[in-house]
Amino acid sequence: MTTDTNYSTKHSVKENFSQAASYYDEHAEVQRGIADRLIASLRPWIDILPEGPILEVGCGTGFVTQGLIELLPDRELEITDISPEMLETCRGKYGGYKNTTFRTLDAEEFDADPETYAMTVNGFVAQWFKHPAITVGKFLEATKPGGLLLGSFPGNESFPEWKEACRELGLPYTGNELPDTEEILIKLSGGPVQVDYYEDTVTQQFDSAADFFRHIKKVGAGTQQQGRHLSPKELQLLINHWDEKSDGNIQVSYHVVFIAVKRNFDS
């Protein structure tokens, strides 16, 4: 059963991404780069995929969708997102391609039959799941033997600069809790599978801490989990301190994890 708190957070996530849909592409440089790398990691696996449809969860405005269409033009693609506006933006770009369907989907309510898809793809979306490992595990269960689960997410070592500035001031870090890499890998490692993963650090520069916090909202990522808020005075204190210590050059680091899980046939 969905709790009121979880419903409120999920509704906020959906609303924030819906509001950002029209200008998301302009500001989502990091997300676009990670999508390109995720698609590049798919290339070695293309020829071993079994027959069957491909599911993309959390399509956004279509960074990963574009790559799927280009690499797998003859596959049946099922493109989904929790935000109707994001989905419609993606459909507006790629709805004319054959074998491509679009539907809204709450990934945490995902309930496909086992072994349905030749591949399930979730690009930079697991951080919005209440239980990332459990939800991503359901995608693997829906993947056929011989098929592939492909994903990326920001890990819980992201934003060390933000965390350090908070520690120096004795303020709570109010960024959302991000997926635990080890927990997800353990969840995906049960059964006959081949798990490949790669971790990297991706940095982004801003002229001020305020610009960074505005950027988060511009890419629809402004939803905060319950209880994770600073007062306006505390936030301004954090911004001033971060700016002063960085001399107008704010660097923000994402701990990015890429995963590819091949579901083997039972021995």
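Note on segment 75-107: among residues that are under 21 Å from Thr135 (Cα atoms) and of a type in the set (Asp, Glu), the one that is surrounded by the fewest Cβ atoms within 10 Å (Cβ to Cβ) is Asp106. The residue of segment 36-74 that is most open to solvent (accessible area, probe 1.4 Å), among those that are within 15 Å of Thr100 (Cβ to Cβ) and modelled with pLDDT under 95, is Asp74. In segment 190-221, of all residues being within 22 Å of Leu38 (Cβ to Cβ) and hydroxyl-bearing (Ser, Thr, Tyr), the one that is surrounded by the fewest Cβ atoms within 10 Å (Cβ to Cβ) corresponds to Thr203.
Are there any pairs, at least 6 apart or on different chains, whose C-beta atoms fall under 7 Å, with the first in segment 218-243 and within 16 Å of Arg167 (Cβ to Cβ) and the second outside any helix (DSSP H, G or I), and if so, which? Taking only residues 6 or more apart or on different chains, the pairs are Arg228/Thr174; Arg228/Asn176; Leu230/Leu171; Leu230/Thr174; Glu234/Leu171; Leu238/Leu171; Leu238/Leu230; Trp242/Ile250.
Scan segment 170-182 and tell me whether some residue there is β-branched (Val, Ile, Thr), part of a helix (DSSP H, G or I), modelled with pLDDT of 95 or more and open to solvent by less than 20 Å² (accessible area, probe 1.4 Å). For segment 170-182, residues β-branched (Val, Ile, Thr), part of a helix (DSSP H, G or I), modelled with pLDDT of 95 or more and open to solvent by less than 20 Å² (accessible area, probe 1.4 Å): present.
Per-residue answers, yes or no, for (1) within 13 Å of Val57 (Cβ to Cβ); (2) without any contact (Cβ under 8 Å) to a residue 12 or more places away in the chain; (3) open to solvent by 10 Å² or more (accessible area, probe 1.4 Å):
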position: Ala112; (1), (2), (3): yes, no, yes
position: Glu115; (1), (2), (3): no, no, yes
position: Val125; (1), (2), (3): yes, no, yes
position: Phe129; (1), (2), (3): yes, no, yes
position: Lys138; (1), (2), (3): yes, no, yes
position: Gly147; (1), (2), (3): no, no, no
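Might you let me know whether segment 66-76 holds any residue that is over 22 Å from Gln31 (Cβ atoms) and touching a Pro at 6+ places or on another chain (Cβ under 9 Å)? Don't jump to the end; show me each part of the working.
Of segment 66-76, the ones over 22 Å from Gln31 (Cβ atoms) are 73-76.
When the remaining residues are screened for being touching a Pro at 6+ places or on another chain (Cβ under 9 Å), the result is 75-76.
Within segment 66-76 (the criterion being over 22 Å from Gln31 (Cβ atoms) and touching a Pro at 6+ places or on another chain (Cβ under 9 Å)), the answer is yes, since at least one residue qualifies.
When Gly96 is tested against the conditions (1) closer than 19 Å to Ala221 by Cβ; (2) free of Cβ contacts under 8 Å to residues at least 12 places away in the same chain, the lone failure is (1).
Of the set (1) free of Cβ contacts under 8 Å to residues at least 24 places away in the same chain; (2) under 30 Å from Ala21 (Cα atoms), all apply to Asn156 but (1). Taken residue by residue, segment 245-266 has no member that is part of a helix (DSSP H, G or I), modelled with pLDDT of 95 or more, open to solvent by less than 20 Å² (accessible area, probe 1.4 Å) and not small (Gly, Ala, Ser).
The values are calculated or read from the model by the stated rules, or taken from the named source; none is laboratory data. Only a predicted model underlies this, so the values are computations on that prediction, with no experimental measurement involved. Because the Cβ atoms are built from the backbone with ideal geometry, glycine has one as well, and the counts that use them run over all protein chains shown. For accessibility, only protein heavy atoms count, side chains too; no ligands or nucleic acids. Shrake-Rupley method; radii C 1.70, N 1.55, O 1.52, S 1.80 Å.
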